[in-house]
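Q: A single structure is presented below for examination.
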Amino acid sequence: MTLEPDELAAAPGNLGETLRELRRGAGLSGERLARRCSMSQSKISKIETGRLIPTLVDLDRLLTALEVSTEQAGPVLAKVRAANTEWQGKRELWRKGLETRQHELRFLETSATEARYFLPPRPGTFCRRW
């Protein structure tokens, strides 16, 4: 999957609009959805306006609370992956709290059905391109 810069720039706004449409289609207010997801209403609002990009954990909570079908969830997951395709610096992780990131990773690891590992070449060796 190739991500174009235009897609990355537009992904947060498109994602928010899609989530807002799903919420309205379910007949829920932002406050009610927030209670179902154990989030604040302001966080739901920021996600829907594109000011905040939801993590995969947040998106899973939202889609579960909205009772979204797997057919509808596919494009939404693609949008959140595109929106989250950004480099994160150490300072941002420290500010957010490394324990928060560890909790997110633990959730993703326990819910995974397959795990793949990438092992870079050992130091002193090199790969030839043919």
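Q: Quote the FRET efficiency, to the nearest 0.05, computed for Arg35 versus Arg116 with a Förster distance R0 of 35 Å and r equal to the Cβ-Cβ distance.
A: Numbers: r = 37 Å, r/R0 = 1.05.
Plugging the Cβ-Cβ distance into 1/(1 + (r/R0)^6) gives 0.45.
Q: Taking only the alpha-carbon positions of the range 9-116 and ignoring solvent, what does the Debye formula give for the base-10 log of I(q)/I(0) at q = 0.13, 0.14, 0.24 Å⁻¹?
A: -0.50, -0.58, -1.50
Q: Show me the ranking of peptides 102-114, 30-42, 63-75 by mean Cβ neighbours inside 10 Å, starting with the highest. Spell out each step's value before the answer.
A: Details: 102-114: 9.8, 30-42: 15.3, 63-75: 13.4.
For the peptides 102-114, 30-42, 63-75, the packing ranking is 30-42, 63-75, 102-114.
Read-outs throughout are calculated quantities, based only on the coordinates presented, and are distinct from any laboratory measurement. In this text the structure is predicted, and so the values were computed from the model without any measurement. Methodologically, a virtual Cβ is constructed for each residue, glycine included, from the backbone with ideal geometry; neighbour enumeration extends over all protein chains shown.
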